[in-house]
1. Among the residues of the range 90-133, write down those that are open to solvent by 60 Å² or more (accessible area, probe 1.4 Å), farther than 29 Å from ARG66 by Cβ, outside any helix (DSSP H, G or I) and small (Gly, Ala, Ser).
2. Looking at ILE225, ILE206, which is the one that is near the ligand (Cβ under 10 Å from one of its atoms), closer than 29 Å to TRP63 by Cα and either polar (S, T, N, Q) or out of contact with any Phe, Trp or Tyr (no Cβ under 9 Å at 6 or more places or on another chain) (or both)?
3. Which members of the range 10-34 meet the condition of being within 8 Å of the ligand (Cβ to nearest atom) and either open to solvent by 30 Å² or more (accessible area, probe 1.4 Å) or of a type in the set (Val, Ile, Thr) (or both)?
4. Looking only at the range 231-241, how many residues end up being modelled with pLDDT of 95 or more and either within 15 Å of the ligand (Cβ to nearest atom) or among the aromatic types (Phe, Trp, Tyr) (or both)?
5. Being more than 9 Å from the ligand (Cβ to nearest atom), not aromatic (Phe, Trp, Tyr) and not in a loop (DSSP other than H, G, I, E, B) is true for just one of ASP282, ASP269. Which residue is that?
6. Spot the failing condition for ALA347; the list is (1) among the hydrophobic types (A, V, I, L, M, F, W, C); (2) surrounded by fewer than 22 Cβ atoms within 10 Å (Cβ to Cβ); (3) out of contact with any helix residue (DSSP H, G or I) (no Cβ under 6 Å at 6 or more places or on another chain), and only one is missed.
7. Which pairs do you get when a residue that is assigned by TED's automatic domain parsing to the domain that holds ILE206, found in the range 320-347, comes within reach of a residue that is away from the ligand (no atom under 16 Å from the Cβ) and in a strand (DSSP E or B), reach meaning Cβ atoms under 9 angstrom, with the pair 6+ apart or on two chains?
8. Only one of THR252, THR212 is closer than 25 Å to HIS338 by Cβ, within 13 Å of the ligand (Cβ to nearest atom), outside the structural domain of THR107 (by TED's automatic domain parsing) and open to solvent by less than 40 Å² (accessible area, probe 1.4 Å). Can you tell me which?
Amino acid sequence: MKADAIVIGGGMVGAALAYGLRRQGLDTLMLDEGDVAFRAARGNFGLVWVQSKGFDCPEYAAWTRRSADLWPDFSDEIEELTGTGLQHQRPGGLHVCLSGAEFEDRTRQMRDLSERSGGAFRYEMLERRALDNLVPGLGPDVVGGSYSPLDGHANPLYLLRGLHAGFRALGGRVRLDARVTAIRRTGATYRLETGTGKLEAPKLVIAAGLGTKPLAAMLGMTAPIDPVRGQILVTERARPFLGMPLTWVRQTGEGSIMIGESREEVGFDDGTRWQVQARIADRARRIFPFLERARIVRTWGALRPYTPDGLPIYDRPPDGADAVVASCHSGVTLAAVHAGVLAPAIAEGRLPDDVGGLGTGRFHVH
Ligand SMILES: Cc1cc2nc3c(=O)[nH]c(=O)nc-3n(C[C@H](O)[C@H](O)[C@H](O)COP(=O)(O)OP(=O)(O)OC[C@H]3O[C@@H](n4cnc5c(N)ncnc54)[C@H](O)[C@@H]3O)c2cc1C
């Protein structure tokens, strides 16, 4: 089977890129290994989040802001095309601090982030009294927090569904159960082997989450992407009470309250541990004491594709061939910029200047 472009990975990054490439008119084939995969796309929290991104990397901070700005139109476009609403809202977001020391640290971080952005990153540090006007029900441990009007949230499952449906609606082709096991290049053509057949295209995108590392190696690229587990708790539905998402607590469009999150390096283990969940629940209870009475109806663990410095990877192979490796641990936040900016650049055989510093060269030991 032949196509103009093949995207390996039908998760949050691959689906956004495949959608964006098809939108540019390329005959695009999206491959996914199916339900055996560790899919971050199915286990995440749903924040479209700016205020904690790129503390030490202004380029990543700007890329994130750009995506958050594109999200409203992107969300409308997917809804119009597919009928799937992504429940995107941008009421701003809040990061609460539970001690004076946390508040001081946060104040410094936010000031640095804003200074390095030349003022483009907008935020306010809010003392406790000001927070009470924004969010009801806060507990006595909350001393203040940072608010950014740039933050928002969406339903990540509808996002994944919408991207797949949008891709198909535009005429994109999808092969599920197509685990790529080998990549070879002959002249200007990439030839891929999967358990279910051979495929070829002159343009290749590897966006396979935790499957990216071995696939990138087939192109002679080092992509150090390893799993970092996060755990999430979900309560039964409640009356709408939370007008904006918090870093660790958000109310979904259906009313349930999602509570996260954690970071554990436990390899390819997407299980749960009650000790971690107890810590997550305790922090949520200190933020909103009424949550102590809320019933948890679901919990899960999921694996983020994580790089050693926590930044995304966007790179092309050293031989200059027409391929791109793309990975990040903020696939919801960056979906709009992946579909709307990265994919058009890839269609032209290049990467956008915005991400020039996010290549794999930064991991090479000199
Ligand atoms: C607990 C948790 C909370 C999160 N919260 C947020 C959040 O609030 N906001 C945010 O922006 N992001 C969040 N994320 C991160 C987000 O989910 C990821 O950035 C995103 O899913 C990564 O997308 P991906 O396409 O790279 O990987 P995945 O979504 O994991 O998809 C990779 C796909 O590649 C396929 N694949 C792998 N190997 C092969 C192969 N050899 N052949 C064919 N197909 C292959 C798999 O089948 C899989 O479907 C969170 C993640 C976790 C785990």
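1. Answer for the range 90-133, where residues must be open to solvent by 60 Å² or more (accessible area, probe 1.4 Å), farther than 29 Å from ARG66 by Cβ, outside any helix (DSSP H, G or I) and small (Gly, Ala, Ser): there is none.
2. Details: ILE225 fails: either polar (S, T, N, Q) or out of contact with any Phe, Trp or Tyr (no Cβ under 9 Å at 6 or more places or on another chain) (or both).
Exactly one of ILE225, ILE206 is near the ligand (Cβ under 10 Å from one of its atoms), closer than 29 Å to TRP63 by Cα and either polar (S, T, N, Q) or out of contact with any Phe, Trp or Tyr (no Cβ under 9 Å at 6 or more places or on another chain) (or both), namely ILE206.
3. VAL13, GLU33
4. Going residue by residue through the range 231-241, those that are modelled with pLDDT of 95 or more are 231-237.
Next cut, either within 15 Å of the ligand (Cβ to nearest atom) or among the aromatic types (Phe, Trp, Tyr) (or both) only: 231-234.
Number of matching residues: 4.
5. Values: ASP269 fails: not in a loop (DSSP other than H, G, I, E, B).
Just a single option satisfies the conditions, and that option is ASP282.
6. (3)
7. The qualifying pairs are ALA321/ARG185; ASP322/LYS203; ALA323/ARG185; ALA323/LYS203; VAL324/LYS203; ILE346/LYS203; ALA347/LYS203.
8. Values: THR252 fails: outside the structural domain of THR107 (by TED's automatic domain parsing).
THR212 is the lone residue from the list that is closer than 25 Å to HIS338 by Cβ, within 13 Å of the ligand (Cβ to nearest atom), outside the structural domain of THR107 (by TED's automatic domain parsing) and open to solvent by less than 40 Å² (accessible area, probe 1.4 Å).
The values are calculated or read from the model by the stated rules, or taken from the named source; none is laboratory data. Not measured: the values here are computed from a predicted model. Cβ: placed from backbone, ideal geometry, glycine included. Neighbour counts: every protein chain shown. When the accessible area is computed, the model is the full protein with side chains, heavy atoms only, and any ligands, DNA or RNA have been set aside. Shrake-Rupley method; radii C 1.70, N 1.55, O 1.52, S 1.80 Å.
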